[in-house]
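Visitor: Just passing along the structure, written as structure tokens.
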Amino acid sequence: MASSKSNNTLSSTFYLTGIPGYEEFHHWISIPFCLLYLVGIMGNCTILHIVRTDSRLHEPMYCFLAMLSLTDMSMSMPTMISLLRVLWSISREIQFNTCVVQMFFIHTFSFTESSVLLAMALDRYVAICHPLRYATILTPKLITKIGILALLRSSLPIIPPLARLTYFPFCRSHVLSHSYCLHQDMIRLACADIKFNVIYGLVLIIMLWGMDSLGIFVSYIFILRSVLRIASREGRLKALNTCASHICAVLILYVPMIGLSIVHRFAKHSSPLIHIFMAHIYLLIPPVLNPVIYSMKTKQIRQGILHLLLPSEH
């Protein structure tokens, strides 16, 4: 009987939502989304190309930046495909199993981005607090291990709640409130006891995002202590300037992420536009702004872009 229910669920069709009340403007609304998507892809591909081709950038800081760019693209790609299908009126339908795969990628790479930002905070801590040991601590082998651990740490815990979804009956509406699949959105449609998924999701957020943000906060406490010991004002500003891009990246990820979690859990009866707006900011803004911030604030990346654009002058 349980197997039959599971098979029925797996073959179920769900319907994605565009921008409610603005259906006649969907084609126009798709233009800024397309532009944001292209800017994000081009920006992150540029960062990856510069880090790969410039041997001077084969340092821990830039390896982590490359990880951030890969994560950004992996987080935005699955959402943009289904979003544009809805806005271009190609299809609103999505199969349950496709929805689960999309949820897996969205949530996995959201957590991975948080883990990468924690690794980047560790990089800044070692660079400022233990500069003489920087190269010996953050070896290529350790950086590879950190990258693999970040991916495993983010992907494996996602499996249990998604696996449970395959056994939930969906006897109510099959209309999702976003243009892509989110776990919080899906469980609201289930005609079953969803306590495990709700509690597990909350614990997962605390254990991953919470621990990552705490680790970043503690890292910056030690960084500030070391910076304040630097005698010259110029030296202190130079040290802090190397952290500016990372701090901006942290804020760009965590502020929308916290906002979306609050809206889903405590503002369920608010306007659907608020939920949709927060979800799009959460998934689209980091991939777009991170390359821009690192290009503006990091001299080596800026020089790499100029060399790419104007090779004859460099």
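The values are calculated or read from the model by the stated rules, or taken from the named source; none is laboratory data. These numbers were taken from a predicted model, which means no experiment stands behind them. We place every Cβ from the backbone using ideal geometry, glycine too, and count neighbours over all the protein chains shown.
Visitor: When only residues in region 86-98 that are assigned to a helix (DSSP H, G or I) and out of contact with any Leu (no Cβ under 8 Å at 6 or more places or on another chain) count, which is surrounded by the fewest Cβ atoms within 10 Å (Cβ to Cβ)?
Guide: It comes out as Thr98.
Matching residues to (1) of a type in the set (A, V, I, L, M, F, W, C); (2) within 28 Å of Ile274 (Cβ to Cβ):
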| site | (1), (2) |
| --- | --- |
| Ala135 | yes, no |
| Leu152 | yes, no |
| Ile159 | yes, no |
| Thr166 | no, no |
| Cys171 | yes, yes |
| Met186 | yes, yes |
| Phe196 | yes, yes |
| Leu202 | yes, yes |
| Ser219 | no, no |
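Visitor: May I ask you to list the residues in region 68-79 that are aliphatic (A, V, I, L, M) and surrounded by fewer than 22 Cβ atoms within 10 Å (Cβ to Cβ)?
Guide: Residues satisfying the conditions are Leu70, Met73, Met77.
Visitor: When both residues are 6+ apart or on different chains and their Cβ atoms are under 6 Å apart, which pairs have a first residue that lies in region 128-145 and is touching a residue at least 12 places away in the same chain (Cβ under 8 Å), and a second that is polar (S, T, N, Q) and in a helix (DSSP H, G or I)?
Guide: Qualifying pairs under 6 Å: Ile128/Ser226; Cys129/Ser226.
Visitor: Condition first: of a type in the set (Gly, Ala, Ser), touching a residue at least 60 places away in the same chain (Cβ under 8 Å), outside any loop (DSSP other than H, G, I, E, B) and under 16 Å from Ile285 (Cβ atoms). Can you find one or more residues in region 32-43 that meet it?
Guide: Checked against the condition, which is being of a type in the set (Gly, Ala, Ser), touching a residue at least 60 places away in the same chain (Cβ under 8 Å), outside any loop (DSSP other than H, G, I, E, B) and under 16 Å from Ile285 (Cβ atoms), region 32-43 yields at least one hit.
Visitor: Ile230 is checked against (1) aliphatic (A, V, I, L, M); (2) within 21 Å of the chain's Cα centre (by Cα); (3) modelled with pLDDT under 85 and fails just one. What number does that condition carry?
Guide: Among (1) aliphatic (A, V, I, L, M); (2) within 21 Å of the chain's Cα centre (by Cα); (3) modelled with pLDDT under 85, Ile230 violates only (2).
Visitor: If you don't mind, another one. Scan region 152-174 for residues that are under 22 Å from Leu284 (Cβ atoms) and of a type in the set (A, V, I, L, M) and jot them down.
Guide: The answer is Ile158, and nothing else.
Visitor: Another question about this same structure. Here's a check for you: in region 131-168, which residue that is of a type in the set (Lys, Arg) and touching a helix residue (DSSP H, G or I) at 6+ places or on another chain (Cβ under 8 Å) is nearest to Ile194 (Cα to Cα)?
Guide: Within region 131-168, the match that is nearest to Ile194 (Cα to Cα) is Arg164.
Visitor: On to the next question. Hey, does region 266-279 have a residue that's under 25 Å from Leu214 (Cα atoms), surrounded by 18 or more Cβ atoms within 10 Å (Cβ to Cβ) and modelled with pLDDT under 80?
Guide: yes
Visitor: Starting from region 198-222, take each residue that is within 16 Å of Pro160 (Cα to Cα) and list its partners that are surrounded by 19 or more Cβ atoms within 10 Å (Cβ to Cβ) and among the polar types (S, T, N, Q), counting only C-beta distances under 9 angstrom and pairs at least six apart or across chains.
Guide: Val198/Gln184; Gly201/Gln184; Leu208/Ser114; Leu208/Ser115; Leu208/Ser154
Visitor: Can you name every residue in region 183-213 that is more than 16 Å from Ile158 (Cβ to Cβ) and either of a type in the set (Lys, Arg) or loosely packed, with under 13 Cβ neighbours inside 10 Å (or both)?
Guide: Hits for region 183-213 are Arg188, Cys191, Asp193, Lys195.
Visitor: Also, I was wondering about something else. Quick check on Met61: is it in a helix (DSSP H, G or I), more than 30 Å from Pro131 (Cα to Cα) and of a type in the set (A, V, I, L, M, F, W, C)?
Guide: Spelling it out, it is not the case that Met61 is in a helix (DSSP H, G or I), more than 30 Å from Pro131 (Cα to Cα) and of a type in the set (A, V, I, L, M, F, W, C).
Visitor: Mind counting the residues in region 152-182 that are surrounded by 13 or more Cβ atoms within 10 Å (Cβ to Cβ) and farther than 20 Å from Ile205 by Cβ?
Guide: So the answer is 8.
Visitor: Restricting to region 14-54, give me the number of residues that are surrounded by 13 or more Cβ atoms within 10 Å (Cβ to Cβ), farther than 28 Å from Phe96 by Cα and either touching a Phe, Trp or Tyr at 6+ places or on another chain (Cβ under 6 Å) or of a type in the set (Val, Ile, Thr) (or both).
Guide: So the count comes out to 5.
Visitor: Against the definition (at pLDDT 90 or above, more than 28 Å from Ile274 (Cα to Cα), assigned to a helix (DSSP H, G or I) and of a type in the set (Ser, Thr, Tyr)), how does Thr46 come out, yes or no?
Guide: Against the criterion (at pLDDT 90 or above, more than 28 Å from Ile274 (Cα to Cα), assigned to a helix (DSSP H, G or I) and of a type in the set (Ser, Thr, Tyr)), Thr46 qualifies.
Visitor: Quick one: would you say Thr108 is under 30 Å from Leu224 (Cα atoms), assigned to a helix (DSSP H, G or I), free of Cβ contacts under 8 Å to residues at least 60 places away in the same chain and of a type in the set (Ser, Thr, Tyr)?
Guide: Considered against the rule, which asks whether it is under 30 Å from Leu224 (Cα atoms), assigned to a helix (DSSP H, G or I), free of Cβ contacts under 8 Å to residues at least 60 places away in the same chain and of a type in the set (Ser, Thr, Tyr), Thr108 comes out as no.
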